[in-house]
Structures are given as C-alpha cells and as structure tokens.
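Here is the structure we will look at.
The values are calculated or read from the model by the stated rules, or taken from the named source; none is laboratory data. Predicted model only: the values in this text are computed from it and were never measured. Cβ placement follows ideal geometry from the backbone for every residue including glycine, while neighbour counts extend to all protein chains displayed. Areas reflect the complete protein model, heavy atoms only, side chains present, ligands, DNA and RNA absent. Shrake-Rupley method; radii C 1.70, N 1.55, O 1.52, S 1.80 Å.
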Amino acid sequence: MVARIFVKICGITNRSDAESAITAGADALGFNFWPGSRRYIDPSRAAEWICDLPGIVERVGVLVNPSIMQASAMARMVNVLQLHGSETTNFCRQLAAISVRFWKAIPAAKSELEMGDFHAERIVLDTATEGAFGGTGVIFPWSWARDFIAANSVEKVILAGGLTPDNVAQAIEQAQPYGVDVSSGVEAAVGRKDVHKVRDFIAAARAAQRVG
C-alpha cells in the first residue's frame, strides 16, 4: 500500500510564508526559536500570528538545548517542540513526564545511527554539521536513513538535510521515511520562502512512492 508522505516546511519567519505553505498543502510548519539560527524569530513578537494559524497545520517550535522551563514555556505557543540539540534521554524523559509533546532530531554523522530512548513522538534525521543545527542545505547519504528506518520500524522518522524539489522524490523512494522536512531548499533568500519552490517540493513529495 502506498502511504501519504508527511511534509514539514521549516524556517518559517513570517505570516505570509506560513499561509502560502498551508495553502500549498504543508502538514507542519517549523519556527526556529534558537537565537543562533539565521532563521530565528522572537517568540514574543511572533506568538500572535503563529497562534492564529489554522488548526489544519501542526505548529512546530525548534529549540536547541533548552532548559525544562524554557521548553515548557515554548510548548504553550506551538503544538509540538522539535529538540535539535544534544538533549539527553533523561531530559527528554522529564519533558514527557510533564506531558510536553516533542520530536527529537538525531544528527546523521555516520552510517550506523543510534536510536536513543528519547520518548519522542517523531524522530528527525538531519545532516550533522559542526556548529550548526539544521538548515544547512547539506545532504547525508540516504542509505544511512534507510538502514536506520528499517532498524527502527516502529518510529515515525522524518528525513531532513539538503532536500529540494528536485531530489525529494528520490530521497523518499530510497529512504522510505514517514515524512520529509525542508528549509533552505525552498527559499528565495535566507528566511524567505519561494512559494513556487514550496509548491513544487510538496507536489514532488506527494508523488513519490512510500510503502506504508
């Protein structure tokens, strides 16, 4: 059976790009609340328009090594957090214990990727890049993702890292992820989406073959 691919558009910095991505068919939007990101947005300034977005899309707050207090506070303005740093399994257990929804990013730095006991709803596989936490536009071997997904079949794994409208179908067919995540691959400039690229990316992802 062919399964529908889940699509997340990350690095959203403004209402217009968010609404365009929703219209194009995105399932989730990512907002980077880590100040070190080139796509950082101030949560206090963006809270109103993010909370006003329609409920058909999942709002994802991206954090890097937050405290429990910070994570808990940010969780109030989004549907789910995406932990993109070196958060430990113990930290993740503490978040789960207070009913904070979250995904966990795992950096793909080697062929044999390890799955920790993160208690995460979903796992995001992204390229490991020194000093950066996603959004680099760098690809890692999709065979690594395929092997990880096969070894952890109960997990909902989202593939990220260098995806574009031109390569996303091939990535899906090779790795067979639950979903895909793109940021720089659909931009006109850093922090600004190209609506045509967003549409093309989603169309290409949905046309790809994922066996459910």
* Scanning region 8-55 for residues that are under 26 Å from residue 204 (Cβ atoms) and polar (S, T, N, Q), which turns out surrounded by the most Cβ atoms within 10 Å (Cβ to Cβ)? -> 32
* To do: Answer with yes or no whether residue 205 is in contact with a helix residue (DSSP H, G or I) (Cβ under 8 Å, 6 or more places away or on another chain), within 15 Å of residue 26 (Cβ to Cβ), of a type in the set (A, V, I, L, M) and surrounded by 23 or more Cβ atoms within 10 Å (Cβ to Cβ).
  => yes
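Conditions tested, residue by residue: (1) touching a Ser or Thr at 6+ places or on another chain (Cβ under 9 Å); (2) among the small types (Gly, Ala, Ser).
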site	(1), (2)
41	yes, no
47	no, yes
51	no, no
69	no, no
73	no, yes
80	no, no
* **Evaluation of residue 126 against (1) open to solvent by 20 Å² or more (accessible area, probe 1.4 Å); (2) of a type outside the set (Val, Ile, Thr); (3) at pLDDT below 95; (4) not in a loop (DSSP other than H, G, I, E, B) (one fails), failing number** => (1)
* Asked: Can you pull out the residues in region 95-115 that are within 18 Å of the chain's Cα centre (by Cα) and either surrounded by fewer than 19 Cβ atoms within 10 Å (Cβ to Cβ) or among the basic types (Lys, Arg) (or both)?
  -> 100, 101, 104, 109, 115
* Asked: What's the number of the condition residue 173 fails, among (1) farther than 22 Å from residue 20 by Cβ; (2) open to solvent by 10 Å² or more (accessible area, probe 1.4 Å); (3) touching a residue at least 60 places away in the same chain (Cβ under 8 Å)?
  -> (3)
* To do: Answer yes if at least one residue in region 139-154 is surrounded by 14 or more Cβ atoms within 10 Å (Cβ to Cβ), among the charged types (D, E, K, R) and in a loop (DSSP other than H, G, I, E, B), and no otherwise.
  => no
* **Meets criteria (modelled with pLDDT under 95, touching a His at 6+ places or on another chain (Cβ under 9 Å) and assigned to a loop (DSSP other than H, G, I, E, B)) for residue 162** => no
* To do: Filter region 53-74 for residues that are touching a residue at least 24 places away in the same chain (Cβ under 8 Å) and of a type outside the set (Val, Ile, Thr) and give the result.
  => 53, 54, 58, 59, 61, 63, 71, 72, 74
* Of the conditions (1) under 19 Å from residue 13 (Cα atoms); (2) open to solvent by less than 50 Å² (accessible area, probe 1.4 Å), residue 197 fails just one. Which one is it? -> (2)
